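Colleague: Before we start, here is the structure in question, set down as structure tokens.
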Amino acid sequence: MRKPTPLSRPRARREATRGPVKATPARSVTVSSLTPVSEALGGDKSPQEVLQLILKSARGITRASSASLMLLDRETGLLRVVAAEGFSDDSIFRTHLRVGQGVTGWVAESGVPLRLGNVARDPRYVRVQRNLRSELAVPLKSHGRVIGVISVDSTRLNHFSPEDEALLISLAAQSARVIETTRLLEEARRRAEEKGLLLEGSRVLAGTLDFAQVLQRLAQMTAEFWRAPVAVVYLVSEDGKELSLAACHGGSDSLRELTRLPVEGTFMGRVLKASGESPVVEDLLGEVRPEARAVLEANGLRSAIAVPLAAQGRALGVLCVFAGAERRFEQGDVHLLEGLARSAALAIENAYIHRRILALEETVHGAEKSALLVELAAGLAHEIRNPLTSIRLLFDSLVRSPVAASVQGSEPASDAQMIRKQLDRLERILEGYLENARARASSMQMRRLDLNAVIDESLLLLTGSAHEGLRISCTLHDDELPVRGDSTQLSQVVYNLVLNAIQALGPTTREGRRGRVEVRSGAEAGQAWFEVADDGPGLPDEVRARLFQPFLTTKKQGVGLGLSIVKRIVEAHQGTLQVESPRADLGRGVRFRVGLPSA
């Protein structure tokens, strides 16, 4: 923290203590202006009304052109304008000073008043309005600690006298006590409000798992609590370059048309990336692009707070509340909004997981359905092709027989030609189905994957499939298991093997014995592997011998293609598939082990 220069401090002390200061009879009446301040605590005035009353008194007793009150933010160490009187616009409220910076910062650092007859001659002066010529600044102290500064200004040179200084010191002494007490009361009120908001937020947001509804409720709660005209939620794209509007409460249709914003160069983007800048934007119109500026102006929005939203340890987007020119957000608002965002995190995370489960189910089930149809078609084609080949051989034998030769050119010969054509057509159709199955195997979207992540996502889909009394345990390798593969198809492999184990344990768990499914992963000899094991009844020898053939099933429902698909996908990934039943460690149950080349 910069110390005042040795040359400037004596001057301030001389001006502040030049002779005994006494109120003259002509000016003594102005002391009555202090009375309303001392009575402020007895009324029901809001903190802002108390601050404005102090400034009105300061301006009145010194006949100043304008006045401002800055309070020291204990967390940021900045002096912020919290009240002002007599300025031509509200740009004064965007003034933030470090302790030691400017006239006000110097007074806050030194703890002594400073009276300037001509501000243009003092290098410390920070100009906030062009026509101001003189200034008087007095520290606000509570228990010997500076909590802020009262400043009065005049358009005239040498306007403020020692008597003005004495009166402002007296006003500051009374005001500091009032401000500190009011601030403590306000903090207590805010803490109570925060607890209420967070409890209500948890209750309301936990009422749904729909991701869009959670975000919309969050936007609505935010706007209603802050009595703000607009609150929005923007979500970040997968590549982290764009924000898209996900929920909006309040505002016009034109505001909802701001559906996409770039992360780079926007205040929401800076908040998302946790750049360390203040999440409060007091001059919103100066922060946005021209097309957005017109929309914000039309909606009367001038300031905003934005905080990041996160789930599962990753940034999802931004929660932002807007206000008009009459509202100024404070650091307490920031803490409260951050608290709400943290409180909402669990609901957002649950809804986010739910959305992922639905998306994964749709993807995997859609892919599985497609795979089933292709596998079914290929299986049928294969099963039909064998007898069809026999029919053709017999037919060719018949048409070459002496009996057939005696009827050349007759109607039976014409029928034979038609039969040959239809046999050729059937073979072409069957070959088409087989080619389709082969083509599907070659159209996989191969990329680098973490096998552990594939297993995690697949198990999410099975959270509701386990029978009562069934236990599923998952022990994954500590490090990432990189493989090259198609994430959707590998998810099918995990899903089918675990679901197969769960279904195999159905009868045993209903008989009263607790069933167990174990999923493990690891790496060895250039391979990443995972295994799915159960402690069920195991596989009969006759079933085990034909386990991966299409249409083999021991269940009342299903067509017996699940394990056939698993085998085809594993082989397409140049992997290995092993089965052990009964398990060597238990004497019962089944263990499937899939090995894939490490990437």
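Colleague: What FRET efficiency comes out for Glu186 versus Arg121 if R0 is 41 angstrom and r is the Cβ-Cβ distance? Round to the nearest 0.05. Provide the component values of the computation, followed by the final result.
Modeller: On the way: r = 39 Å, r/R0 = 0.96.
Here the calculated transfer efficiency is 0.55.
Colleague: With a point put 7 Å past each Cα toward its Cβ, work out how far Arg583 is from Met418 in nm, to one decimal.
Modeller: 6.2
Colleague: Let me spell out the model: positive unit charges on the Cβ of Lys and Arg, negative unit charges on the Cβ of Asp and Glu, origin at the Cα centre of the range 197-352. What dipole size does that give, in debye rounded to 20? Could you put the intermediate results ahead of the total?
Modeller: Working: 15 positive and 20 negative charges, 33 e Å.
Rounded to the nearest 20 debye, it is 160 debye.
Colleague: Here's another thing I want to ask about it. May I ask you to derive the FRET efficiency for Ala274 and Gln574 from their Cβ-Cβ distance with R0 = 35 Å, giving the value to the nearest 0.05?
Modeller: 0.25
Colleague: Rank the residues Ile305, Ile147 as a footprinting-exposure proxy: fewest other Cβ atoms within 10 Å of their Cβ go first. Working shown, then result.
Modeller: Working: Ile305 26, Ile147 19.
Listed from fewest to most nearby Cβ atoms, that is Ile147, Ile305.
Colleague: Set Lys and Arg Cβ to +1 and Asp and Glu Cβ to -1, take the dipole of the range 197-352 about its Cα centre, and tell me which of Leu316, Val214, Trp226 lies farthest positive.
Modeller: Val214
Colleague: For Asp73 and Arg293, calculate 0.36 nm times their separation in residues minus their Cα-Cα distance, and state this gained length in nm to one decimal. Walk me through the numbers before you get to the answer.
Modeller: Details: separation 220, 0.36 × 220 = 79.20 nm, distance 2.98 nm.
Difference between extended and current length: 76.2 nm.
Colleague: Quick one: if you stick a label point 7 Å off each Cα along the C-beta vector at Asp479 and Arg145, how many nm between them?
Modeller: Calculated label separation equals 5.1 nm.
Colleague: Arranged by the count of other C-beta atoms within 10 angstrom, fewest first, what order do Ile455, Ile92 take? Let's see the in-between values first.
Modeller: Numbers: Ile455 25, Ile92 18.
So the residues, fewest neighbours to most, are Ile92, Ile455.
Colleague: In nm, give the distance between the simple-model label positions of Gln445 and Leu426, each being 7 Å from the Cα along the Cα-to-Cβ direction.
Modeller: 4.0
Colleague: Where does each of Cys248, Cys320, Cys474 land when they are ranked from fewest to most other beta-carbon atoms within 10 angstrom? Walk me through the numbers on the way to the answer.
Modeller: Working: Cys248 21, Cys320 25, Cys474 15.
Fewest-to-most ranking of Cys248, Cys320, Cys474: Cys474, Cys248, Cys320.
Bear in mind that the values in this text are calculations on the coordinates, not laboratory data. Here the structure is a predicted model, which is why all the values come from computation and not from measurement. Every residue, glycine among them, receives a Cβ derived from its backbone with ideal geometry; neighbour counts consider all protein chains shown.
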